[in-house]
Each structure stands twice: as C-alpha cells, then as structure tokens.
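**Q** Sharing a structure below in structure tokens format, with a few things to ask.
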Amino acid sequence: MIKSNYFFHETAIIDDGCNIGEDSKIWHFSHIMSNCIIGNNCNIGQNVVVSPEVVLGNNVKVQNNVSIYTGVICEDDVFLGPSMVFTNIVNPRSAIIRRDNYQKTLVKKGASVGANATIICGNTLGKFCLIGAGAVVTKEVPDYALLVGNPGKQIGWVGEYGHRLEFNEKNYALCPESGQEYELKGDIVVRLK
C-alpha cells in the first residue's frame with residue numbers, strides 16, 4: 001500500500017501520530033508505534049518494532065527482526081543489522097515500572113551495527129563506527145571505531161566506506177575504495193579533505 005509518499009505492506013501496523021518520510025518502505029509484520037519520526041528513503045525490514053517517539057533520520061536501513069526502543073535516535077545513513085537490539089533501561093525488572101527512567105541512545109551519522117549486536121542504553125555510537133556482529137556495546141563508541149566482542153572492545157578504525165584503516169608512522173591512512181584520507185590524532189580519527 002502507498003500512503004502519502006511512502007510504502008507499507010498490508011500486514012504492517014502504523015499507529016497514529018507517526019511522521020514517515022517520502023520513499024520510505026515498511027515491510028511485513030512490522031509495527032511502527034505512536035509519535036515516531038522516520039525520515040526519507042528509509043527501509044524498515046520484516047518483523048521490526050519501532051517503539052513510541054523513536055527518531056530515524058534519512059536513509060536509515062533497518063534489517064529484519066530489529067527492536068528499536070523509546071529513547072533511540074538514529075541520524076542519517078545508519079545501518080541496523082538483522083536481529084540487533086537496543087535497550088532503554090539499565091536494570092529492568094518485570095514487577096517494577098521504570099518508564100520514567102528510559103535512557104537515550106544516539107547513533108550518529110553513517111554508523112553500522114552488525115547482526116545480533118546489543119546496544120546497552122545511555123551510550124553514543126560515533127559517526128561511521130562499525131559494530132561487529134554479536135557485539136555488546138557497554139560504553140561510548142568513538143567516531144570511525146571498529147568494535148567487536150562481548151563486552152565490546154575497539155580493535156581498530158574504519159573509514160566512511162567501512163574499510164579498515166591502516167595508519168602509517170605519520171598517523172595517516174588512505175581508504176582503498178574512496179581515496180579518502182584520514183589522520184589519527186591521539187584517540188580521534190579525523191577525515192581530511
């Protein structure tokens with residue numbers, strides 16, 4: 001079905017008060033809950049839950065079986081791999097209601113999160129970082145960081161095209177696909193012009 005300028009499968013549920021951008025697609029059995037903002041050209045895969053007040057920027061790709069809970073903000077060009085999950089409470093208990101304690105999680109522009117990864121709430125995933133499949137993110141992730149494991153540990157750096165960056169003795173690296181140049185300044189990667 002096409003509603004306004006976006007597509008949704010007939011089995012998808014879209015609650016009132018959502019703002020969904022042009023050319024976005026919402027697939028089978030997904031539930032977009034109230035007051036979400038979904039940007040232009042997004043792809044929401046099969047069996048995805050987007051909880052109330054979640055914000056997804058433009059060109060966000062959400063693969064099948066992903067849960068995006070209240071408090072999550074994804075900037076433009078974010079990729080969320082199959083069956084990855086966010087949390088929004090640090091210490092959940094079934095018998096204790098903590099809706100007033102939801103923590104924010106920010107996923108910055110161009111970040112990619114691999115299949116089955118878990119993002120513990122209250123953290124920021126930096127621009128263009130790459131979270132490996134199955135990783136558990138328990139702390140802030142720097143821009144361009146490559147993080148794997150449980151708990152997640154940074155093992156290197158990646159460029160905007162997702163290729164691992166190999167820095168020379170002068171702390172410069174070149175992306176093999178794009179030709180983009182990067183500089184390592186202490187624990188910060190900067191893309192050069």
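**Q** Expressed in whole Å with the largest first, what are the equivalent ellipsoid semi-axes of the chain derived from the C-alpha gyration tensor as the square root of 5 times each eigenvalue?
**A** Each semi-axis is the square root of five times an eigenvalue, giving 31, 20, 13 Å.
**Q** How big is segment 27-116 along each principal axis, measuring the range of its Cα positions in Å and listing the largest first?
**A** Rounded to whole Å, the extents work out to 38, 26, 25 Å.
**Q** Calculate the all-directions average of the projected area of segment 55-107's alpha-carbon convex hull, and give it in nm².
**A** Computed as one quarter of the Cα hull surface, the answer is 3.9 nm².
**Q** Here's something else I'd like to know. How about K139: which lysines have a C-alpha closer than 16 Å to its C-alpha, ignoring those fewer than 8 places off in the same chain?
**A** K104, K108, K127, K153
**Q** Just to be sure I understand: of the beta bridges DSSP finds with both ends in the chain, what percent are antiparallel, rounded to 5?
**A** Within the chain, antiparallel bridges account for around 30 percent of the total.
**Q** While we're on this one: Expected output is a single nm value to one decimal: the length gained when fully extending between A95 and K139, i.e. 0.36 nm times separation in residues minus the C-alpha distance. What is it?
**A** 13.1 nm
**Q** When the convex hull of the C-alpha atoms of segment 120-193 is computed, what volume per residue in Å³ does it have?
**A** That works out to 87 Å³ per residue.
**Q** Let me ask something else about it. Within a Cβ distance under 14 Å of K108, other residues only, what is the Lys/Arg minus Asp/Glu net charge?
**A** -2
**Q** Let me ask something else about it. By what distance, in whole Å, do the Cα atoms of segment 8-57 stretch along each of the three principal axes, largest value first?
**A** Cα spread of segment 8-57 along its principal axes, largest to smallest: 20, 20, 14 Å.
**Q** Could you work out the relative contact order of the chain? I mean the mean sequence separation of Cα pairs under 8 Å and 6+ apart, divided by the number of residues, in percent.
**A** 10 percent
**Q** Packing-wise, with mean Cβ within 10 Å as the measure, how do 125-138, 98-111 rank, highest first?
**A** 125-138, 98-111
None of the figures in this text is laboratory data; all of them are computed from the coordinates on show. Computed from a prediction, not measured in an experiment: that's the story for all the values here. Neighbour counts run over all protein chains shown; Cβ positions are idealised from the backbone, glycine included.
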